[in-house]
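Engineer: Structure provided below as structure tokens; questions to follow.
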Amino acid sequence: MTTDAGPSGPPDPLQVVIVGGGTAGWMTAAGLVGLLGPKLCSVRLIESDEIGIVGVGEATLPQLRDFNRAIGVVETDMMRKTFASFKLGIEFRDWGYIGSRYIHPFGAFGRPIGGAAFHQQWRRAALAGHDSDLNDYCYAIAAARLDRFEHPSDDIRQVESTYDYAYHLDASLYAKYLRGFCERRGVVRTEGKIVSASVSSESGNVESLKLESGEEVAGDLFVDCSGFRALLIGSRLNSDWEDWSHWLPCDRAIAVPSERSTDLHPYTRVTAREAGWQWRIPLQHRTGNGHVFSSAFMDEGRATDILLANLDGPALAEPRTLRFQAGRRIRSWTNNCVAVGLSSGFLEPLESTSIYLIQRAVEYLVRLFPGRATDPGLASEFNRLMDVEYSRIRDFLILHYHLNQRTDSDLWRQSREMTVPASLTHKMALFQNSGHIEQYRDGLFSPPSWISVLIGQGLLPVDTHPLATATPIDEVWSQMLNLREVIAKRVDLMPSHASALAEIAPEPGGASAIPR
Ligand SMILES: Cc1cc2nc3c(=O)[nH]c(=O)nc-3n(C[C@H](O)[C@H](O)[C@H](O)COP(=O)(O)OP(=O)(O)OC[C@H]3O[C@@H](n4cnc5c(N)ncnc54)[C@H](O)[C@@H]3O)c2cc1C
């Protein structure tokens, strides 16, 4: 392990070895050098070109902007080099029932009226005969529907400050972009295949890795970013896997890029299908598509036919199949190995949460970075935090399946009838009985997300908070009408998403530089 320089001096930097150069590997490297720096750690990353990376993962969450900002990535530069577009939310089609549509926005629904949450007042108004569409009171949704985009205002008095945004980006290019960022800051990259890992029989720690070339790489801390292979955390350390596929049965995805459509929507679209769902992600230069489905309910041939029959433009490559299982490692930090990315778990990409989970793991690793002495408490705390993150996302994803009124296929019938985690049952009951949303500090998702999906999937509160009734209903309704009008007028003045992107011209090199 690292030597101690004495009571007054800093310790030698910890030698960190990262296994894998996908989004997880390069985000980990960027987080360590960007947030801790060379005095605390030296970083070496090993990746195999022959094995390659997953390379899908094009939709992100607003939190990624915090990560980029913290390590010093400039938005326009990053967007230009990853052919990114802006994302204001996710449109769900046919989820509650065939024909239903709603947007899960990165933004608030209205503002509290008379001390009661806006959705409570909206529900109260509806129960009193003033029916209206909740989505009309959300600035992000109004902008998304009209394909508009501009950066949110910093002035919290303005309705233009009530939303957030994320990116659609080419995940392979984002990893490449971060590689350049890291190498300029001293991260050493080694290309090569790892063939074995030496683990101490005494401590259980990983001591070194052996490459196909014969080279041995030793380290203090190993970060397993080897993707679904889980080279260290799974194959060598046998960290237990918790299977959640009984709640989230989709286990396959077929992905294919298609020609860019003329409508450049600032949102991801996810359309429910007979045995799963299909994504459509608009980038600057192409559209990403994929069909996520359960192999228990559909075979790959039919899933591919459905995907190809529902593209907006001609396919640009052969469809590619990816296999996975919903679940996660119970202890993604085991001994001196931390799993980040797909090696630590996977929850289907419906709410674009994988890159977010990588970001959180990197932030927690930085926060709990081990010093000179080995402290098992750091690993326990890391695992506790990741448990919170995974479990909250799991519940939110299950909600989309469970709360449906579709009668057309077994997947939807089974999902509706299944017993869900007690934590989710509690959240749904709270909302149904009184419109209350459980609030928490750590983990996704915030109340507007829950509100949009609960209501979008068809669950309406039967009652509201008593505080809502303290304001006369006519006054509530008049404030609601006013807000709806303000939002409609302001959104109408916003620039289009296409013009916002035109300011971020692609890299020089023309169309030939554009990857498919
Ligand atoms: C169908 C699908 C859709 C997705 N969509 C989204 C999305 O919209 N949004 C989102 O946030 N996330 C999404 N994800 C997840 C996202 O793709 C991943 O979280 C992300 O790419 C991180 O992958 P990774 O770096 O963990 O693994 P990988 O990309 O698989 O990288 C693994 C690395 O390990 C290396 N490696 C493996 N074995 C060895 C070895 N023996 N020797 C040397 N190197 C080795 C490989 O070469 C590679 O560099 C999606 C995932 C899937 C499957």
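The values are calculated or read from the model by the stated rules, or taken from the named source; none is laboratory data. Just so we're clear, the structure is a prediction, and the values are computed from it rather than from any experiment. Backbone-built Cβ (ideal geometry, glycine too); neighbour counts: all protein chains shown.
Engineer: Here's a check for you: in the range 29-43, which residue that is within 16 Å of the ligand (Cβ to nearest atom) and within 13 Å of ARG367 (Cα to Cα) is farthest from the chain's Cα centre (by Cα)? Step through it out loud before you land on a result.
Structural biologist: Start the filter on the range 29-43 by keeping residues that are within 16 Å of the ligand (Cβ to nearest atom), which leaves 29-32, 43.
Next, from what is left, pick out any that are within 13 Å of ARG367 (Cα to Cα): 31-32.
Working: GLY31: 17, LEU32: 20 Å.
Residue satisfying both the conditions and the ranking: LEU32.
Engineer: Tell me the residue from GLY96, GLY57, GLY34, GLY52 that is closer than 30 Å to GLU150 by Cβ and outside any helix (DSSP H, G or I), please. Write out each step before concluding.
Structural biologist: Values: GLY96 fails: closer than 30 Å to GLU150 by Cβ; GLY34 fails: outside any helix (DSSP H, G or I); GLY52 fails: closer than 30 Å to GLU150 by Cβ.
Criteria check complete, one pass: GLY57.
Engineer: Identify, please: which residue in the range 131-190 is without any contact (Cβ under 8 Å) to a residue 24 or more places away in the chain and acidic (Asp, Glu) and is, among those, farthest from the ligand (Cβ to nearest atom)?
Structural biologist: Among residues in the range 131-190 that are without any contact (Cβ under 8 Å) to a residue 24 or more places away in the chain and acidic (Asp, Glu), the one farthest from the ligand (Cβ to nearest atom) is ASP131.
Engineer: Sticking with this one: Inside the range 227-270, can you point out the residues that are part of a loop (DSSP other than H, G, I, E, B) and either of a type in the set (Asp, Glu) or within 16 Å of ARG331 (Cα to Cα) (or both)?
Structural biologist: We begin by selecting, within the range 227-270, every residue part of a loop (DSSP other than H, G, I, E, B); these are 230, 237-240, 244-251, 260-267.
Scanning the range 227-270 gives ALA230, LEU237, ASN238, SER239, ASP240, TRP244, ASP251, ASP263.
Engineer: Further question: Being loosely packed, with under 12 Cβ neighbours inside 10 Å and either in contact with a Lys or Arg (Cβ under 7 Å, 6 or more places away or on another chain) or under 25 Å from TYR102 (Cα atoms) (or both) narrows it down to one residue among LEU424, LEU493; which is it? It would help to see each step written out before you state the result.
Structural biologist: On the way: LEU424 fails: loosely packed, with under 12 Cβ neighbours inside 10 Å.
Selected residue: LEU493, the only one of LEU424, LEU493 that is loosely packed, with under 12 Cβ neighbours inside 10 Å and either in contact with a Lys or Arg (Cβ under 7 Å, 6 or more places away or on another chain) or under 25 Å from TYR102 (Cα atoms) (or both).
Engineer: Would you mention how many residues in the range 441-490 are exposed (fewer than 13 other Cβ atoms within 10 Å of the Cβ) and closer than 26 Å to LEU357 by Cβ?
Structural biologist: 2
Engineer: Within the set of pairs 6+ apart or on separate chains, which have a first residue in the range 306-324 that is within 11 Å of SER258 (Cβ to Cβ), a second that is part of a helix (DSSP H, G or I), and C-beta atoms under 8 Å apart?
Structural biologist: Between residues of the range 306-324 that are within 11 Å of SER258 (Cβ to Cβ) and residues that are part of a helix (DSSP H, G or I), the close pairs are ALA315/LEU308; PRO319/THR304; PRO319/LEU307; PRO319/LEU308.
Engineer: Return the total of residues in the range 100-125 being of a type in the set (Gly, Ala, Ser), farther than 24 Å from THR353 by Cα and surrounded by 15 or more Cβ atoms within 10 Å (Cβ to Cβ).
Structural biologist: If we filter the range 100-125 for residues that are of a type in the set (Gly, Ala, Ser), which is where we start, we get 100, 107-108, 110, 114-117, 125.
Of the ones still in play, those that are also farther than 24 Å from THR353 by Cα are 110, 114-117, 125.
Imposing the further condition that a residue be surrounded by 15 or more Cβ atoms within 10 Å (Cβ to Cβ) reduces the set to 110, 114, 116-117, 125.
Selection size over the range 100-125: 5.
Engineer: Please go through the range 280-295 and give me each residue that is among the basic types (Lys, Arg) and modelled with pLDDT of 95 or more, ordered by number.
Structural biologist: The one that is among the basic types (Lys, Arg) and modelled with pLDDT of 95 or more: ARG280.
Engineer: Of all the residues that make up the range 351-376, how many are surrounded by fewer than 16 Cβ atoms within 10 Å (Cβ to Cβ), polar (S, T, N, Q) and in a helix (DSSP H, G or I)? Spell out how you get there, then give the answer.
Structural biologist: Applying the first criterion (surrounded by fewer than 16 Cβ atoms within 10 Å (Cβ to Cβ)) to the range 351-376 yields 367, 371-376.
Now restrict to residues that are polar (S, T, N, Q): 374.
Now drop any that are not in a helix (DSSP H, G or I), which leaves none.
Counting residues in the range 351-376 that are surrounded by fewer than 16 Cβ atoms within 10 Å (Cβ to Cβ), polar (S, T, N, Q) and in a helix (DSSP H, G or I) gives 0.
Engineer: Among (1) under 28 Å from LEU399 (Cα atoms); (2) within 15 Å of the ligand (Cβ to nearest atom); (3) out of contact with any Leu (no Cβ under 9 Å at 6 or more places or on another chain), which single condition is CYS250 missing?
Structural biologist: Every listed condition holds for CYS250 apart from (3).
Engineer: Looking at the range 350-362, can you tell me whether even one residue there is more than 19 Å from the chain's Cα centre (by Cα) and either of a type in the set (Asp, Glu) or away from the ligand (no atom under 16 Å from the Cβ) (or both)? Please lay out each step first, then the result.
Structural biologist: The initial filter retains those residues of the range 350-362 that are more than 19 Å from the chain's Cα centre (by Cα), namely none.
Taking every residue of the range 350-362 in turn, none turns out to be more than 19 Å from the chain's Cα centre (by Cα) and either of a type in the set (Asp, Glu) or away from the ligand (no atom under 16 Å from the Cβ) (or both).
Engineer: Yes or no: VAL491 over 26 Å from the mean Cα position of the chain (by Cα) and at pLDDT 95 or above? Steps first, please.
Structural biologist: Numbers: over 26 Å from the mean Cα position of the chain (by Cα): yes; at pLDDT 95 or above: yes.
Yes.
Engineer: Also, I was wondering about something else. Among the listed residues GLY214, GLY301, which satisfies the condition of being more than 15 Å from the ligand (Cβ to nearest atom), at pLDDT 95 or above and either surrounded by fewer than 22 Cβ atoms within 10 Å (Cβ to Cβ) or closer than 25 Å to ILE355 by Cβ (or both)?
Structural biologist: Numbers: GLY214 fails: more than 15 Å from the ligand (Cβ to nearest atom).
Among GLY214, GLY301, only GLY301 is more than 15 Å from the ligand (Cβ to nearest atom), at pLDDT 95 or above and either surrounded by fewer than 22 Cβ atoms within 10 Å (Cβ to Cβ) or closer than 25 Å to ILE355 by Cβ (or both).
Engineer: Further question: Hey, HIS291 hits all of (1) buried (at least 22 other Cβ atoms within 10 Å of the Cβ); (2) over 16 Å from the mean Cα position of the chain (by Cα); (3) assigned to a strand (DSSP E or B); (4) in contact (Cβ under 8 Å) with a residue 60 or more places away in the chain but one; which does it fall short on?
Structural biologist: Evaluating HIS291 over (1) buried (at least 22 other Cβ atoms within 10 Å of the Cβ); (2) over 16 Å from the mean Cα position of the chain (by Cα); (3) assigned to a strand (DSSP E or B); (4) in contact (Cβ under 8 Å) with a residue 60 or more places away in the chain leaves (4) as the failure.
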